[in-house]
Amino acid sequence: MTRLKQLSLSWFRGAAEAANYRFDGSSVVIYGENGSGKSTFVDALEVLIRGSCDHLKHEYSGTHQEKGLVNTHRPSGATTQVRLGLMDGRDAAVCIDRPFRPIMSGSAQADVAAWDYSRVVLRQDEIASFIKATKAEKYSTLLPLLGLGHLELAAENVRQLARNVSDKGGLKLKQGQLTAAQAARERVFGDKTDHQINKEVERIYSRYVGASEKDPEKQSSAARTEIERQQADFTKKDRRYSALKALADSDITAEATALKASLAKLEEATESLVKERLAVINAAEAFVKGLEGDLIDCPACGNRTTVEDLRAYVKAEQERLHETQDASVEHRRALSAYCDAVLKLKSAWSAGELAHWRNAEANSELKKKVATLDETDVSELRSGCSAESIDQLETIAFAVRQAADRDSFEAPASVQALSDHARILTAATEAWSAQALLAEINELDGLMAYLAELEAAIRKEIRAQSGSIFDEISSDIQRLWDQLHPSKRIQNVHLHVPFDSDKAIDVAVQFHGVDQASPRLTLSEGYRNSLGLSIFLALAMRQPPDTPIILDDVVLSMDRNHRGMVADLLENELSDRQVILLTHERDWYIELTHLLKPPRWRHQMLLPWESPEKGIKFQGHVTSFDLARAHLESRPDSAANDARKIMDTELPIAAEKLRTRLPYRRGTKNDQRTGVEFLTQLIGDGAKAFEIKKEGSSDYTKNEAAIALMKDAERRMIAWGNPGSHGFDVRKAEAAKLIDACEAAIGTLICAGCTKQVWFADTGNSETLQCQCGTIRWRYGKT
Amino acid sequence: MEADWITRCLSAASKKQQVDPRAARCVEDMLRADGACRKLSPAESARVATSILDALKPKSEPEPQTGDEAGAVE
């Protein structure tokens, strides 16, 4: 990449047909009052880099932000275009035409799009919001800037994968099935071990088959076949006994109990959750109503709380939601098991062998009750049932089983034994299935634990890698901070990952020797913004050398002294970078014209924006007084006020350079002197000190013409400048004369020959300053 | 030569928790493809989960071919 040469806009936001921001590889300070086109420049860069503009991401800007990006008064047939030219001749462009999808082009387009916008552009609001952001928000902002975004993505993907493995593997469902299977095993086998169950199967196998098979499952299968064969040989009466026995064994009590328990658990979890959620919403409503002062901490409940408490609260909420989810899974499983049991009961009840028995019961109470059982549609039941219907079916089942048990009591022992043994074999098969289920669950648990360990390992990697990068960046931040605030009251400024949190980054400082976990505890707004600027610049300095740095109104909350420090910092730390500095602070702009010198720096002024058709315009011949003149037509008061403000800024600089001594004043009054006071002092000192070389001679004479011009400016400033600043009527002609007089007075300090200021050089003797060619001089020792 | 971070993390995780190498391979494939470049969609993540679970399924014995399947001609 090479440096920026020019950015040209056509019908883009505030720009009309052509607006050209020229850089020619230099660093540039651009001044413009609000709405003159500074942010349009930043927006254009953002669209080139990101393809869209972040602050236009809202419902009114259109599908492709065309309602915000395209000049509202673009003539039909015109095209909206942004073109960035680079010093190596390449360019990157974006064209926004119907159907408004931005079309990127240019030989440098891919390189420009690869810039990290967050490390290229810093806007004032972003500084404040960064420092104010939570640790988690800082983490999200900084991690990609540190080049560790891929690790965070990996950790998040592993976490999401673990959830999917759990869902897809049916872990919760299997855990529920295992619990049910273990309960069923207990019902048949009590607390018998696996070995004892196998022995039981072996005993049955020996009784019915008697061969030499050793595998319990094969033994069970062979014994079952033999039992079924013997049952097939039953007499009609025995078959009826057998069916009655099966009916008597069709117990749905356990399933109904489990279902009711799961239903109650689900209701409890849901009801409590809804109650709590409502309480939070009510608290939030009260919070919004009573919002004033500094009581803004917890965004959910509005209560002032510690981070630890908030974290514990969030964790408890997450656990409760997980419990609710588990209760739902458990309920679904219990309902399914219950439906299976009801189906089995219905099947046993409807057995052909029991037709006679059922008819015999036709007029009994049982027959009336089981009408409900006959009508029960199990597929409907699977979609849900109430506690009342569960109770009703359970009562019926109990009555049916009681009747079947009563009438099967007289069954021959052989029939009884066959039924019992068949039941044991079925239960044994289910127990073996439960073992397989347990193995699956253990495997899934192991996989989940592995993924959790992997996520932890990635987060450990983030901590390790960020640690070394933090050390380097923290050192840069501290160095930058020291230049902005040399008083050393704040030390050990550094980024760190808190030990008690995985997804957090914070800034810590040492304030007068005391460690502070957050700059928000002790630093003023101005200091916090200085810190934000230091952090941004430290990160920006890690970019490739030709990547530009754009600073948009970043000194708003800084006092004049610290703004001067920013200029020094740009000169000292970013001398090898192309910096575009945008400001709407005219005083600072004027100061920067003295502090940031050509050829490295250029200075440009935007004219006040007038209309969408005229668009963004730069001041051609750039002087600050020209800018004041730009207001003459529409706002003469403002023009006069501008002239006075220029003098307020220019004259203290001149007075300082010319060693003018003003009487000391108490408190802040020293900083509140007006330009008139400095001018009066310069006139007084200049009467003796300001000299001009006589024409055709090496002798000097008093520069009376200059003093006269200064006096003229002083008179007009007292008469018109001050009223202008307070809103009294100043007519256009008067304001024009004031501007001319002020410009002339300032102009006296610049040599007409060499164009250098009278303080350009110190002669080294006789306490004299002079311009480069020596035509004008200031003998400050004489004051 | 120092191992890359994916290898380091996979190795650290498997030291703490044994896992079937086939499952570990699926996770590694995910990380080396897009898993460390962008946030995977729920559907993509679900596909990886399915492939892991499939990898863990015991391979069933190939069924013996019947005479017909073995190439009997009608």
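Each value in this text was obtained by applying a stated rule to the coordinates, not by laboratory testing. Computed from a prediction, not measured in an experiment: that's the story for all the values here. No Cβ is skipped: glycine too gets one built from the backbone with ideal geometry, and neighbour counts run over all protein chains shown.
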Students often forget the sequence filter, so: which lysines lie under 16 Å Cα-Cα from residue A:192 once same-chain residues fewer than 8 apart are removed? none
Output ³J(HN,Hα) for the stretch A:31-38: one whole-Hz value per residue in order, computed from phi by the Karplus curve 6.51 cos²θ - 1.76 cosθ + 1.60 with θ = phi - 60°, and x for Gly and Pro. 9, x, 6, 4, x, 8, x, 5
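Could you work out the local net charge near residue A:111, counting Lys and Arg as +1, Asp and Glu as -1, over the other residues with Cβ closer than 11 Å to its Cβ?
-2
Here is the link list: A:711/A:737; A:245/A:344; A:460/A:503; A:172/B:39; A:688/A:737. Which ones come out longer than 18 Å on Cα distance? The partial results should precede the final answer.
Numbers: A:711/A:737 14 Å; A:245/A:344 13 Å; A:460/A:503 11 Å; A:172/B:39 26 Å; A:688/A:737 27 Å.
Going by Cα-Cα distance, A:172/B:39; A:688/A:737 fall outside the 18 Å limit.
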How big is the charge dipole of the protein assembly as shown about its Cα centre, in debye rounded to the nearest 20, if each Lys and Arg gets +1 on its Cβ and each Asp and Glu gets -1 on its Cβ? 2700
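Give me A:30, A:707, A:776 ranked fewest to most by other Cβ atoms within 10 Å of their Cβ, as a rough exposure proxy.
On the way: A:30 23, A:707 18, A:776 26.
Ascending Cβ contact count within 10 Å gives the list A:707, A:30, A:776.
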For residue A:597, the lysines lying under 18 Å Cα to Cα, once residues fewer than eight places off in the same chain are dropped, come out as A:657, A:756
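Other chains' Cβ within 10 Å of B:24-33 residues: what's the mean?
Numbers: counts 3, 0, 1, 9, 1, 0, 4, 8, 0, 0.
Taking the mean over all residues of the peptide, I get 3.
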What is the average number of partner chain Cβ atoms found within 10 Å of a Cβ in B:43-51? 5
Below 8 Å, C-alpha to C-alpha, sequence gap of six or more: please give me the relative contact order for chain A in percent. 18
Across the stretch A:594-602, in residue order, what do the Karplus-derived ³J(HN,Hα) couplings come to in whole Hz, using 6.51 cos²θ - 1.76 cosθ + 1.60 with θ = phi - 60° and x for Gly and Pro? 8, 8, 10, 9, x, x, 5, 10, 10
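May I ask for the net charge around residue A:145, where only other residues with Cβ less than 14 Å from the Cβ of residue A:145 are counted and Lys, Arg are +1 while Asp, Glu are -1?
Details: positive: A:119, A:138, A:542; negative: A:116, A:126, A:137, A:152, A:472, A:476.
Here the charged neighbours net out to -3.
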Shielding by other protein chains, A:436-443, mean Cβ within 10 Å: 1
Rounded to the nearest 10 degrees, what's the angle between the helix A:135-145 long axis and the longest principal axis of chain A, both from Cα atoms, 0 to 90? 70
Can you tell me which aspartates and glutamates have their Cα less than 16 Å from the Cα of residue A:694? Leave out same-chain residues fewer than eight positions away. A:704
Would you kindly state how much longer the chain becomes between residue A:395 and residue A:350 on full extension, computed as 0.36 nm times their sequence separation minus their alpha carbon distance, in nm to one decimal? 14.4 nm
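Multiplying the sequence separation of residue A:340 and residue A:698 by 0.36 nm and subtracting their Cα-Cα distance, what value in nm do you get?
Values: separation 358, 0.36 × 358 = 128.88 nm, distance 11.83 nm.
Here the segment from residue A:340 to residue A:698 would lengthen by 117.0 nm.
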Taking a threshold of 19 Å on the Cα-Cα distance, which of the pairs B:15/B:57; A:174/B:16; A:38/A:617; A:265/A:369 fall above it? B:15/B:57; A:174/B:16; A:265/A:369
Order of A:583, A:235 under a 10 Å beta carbon neighbour criterion, fewest first: A:235, A:583
Euclidean distance between Cα centres, the stretch A:375-396 to the stretch A:569-619, Å: 80
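Where both residues lie in chain A, what percent of DSSP beta bridges are antiparallel, nearest 5?
On the way: 41 of 57 bridges.
Counting DSSP beta bridges with both partners in chain A, the antiparallel share is about 70 percent.
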Helix-only mean residue ellipticity at 222 nm, chain A, DSSP H runs n ≥ 4 weighted -39,500 (n - 2.57), per residue, nearest 500. What is it? -19000 deg cm²/dmol
Neighbour-count ranking [beta-carbon atoms within 10 angstrom, fewest first] of A:558, A:448: A:448, A:558
In the P(r) worked out for the protein assembly as shown, what percent of Cα pairs fall beyond 46 Å? 52
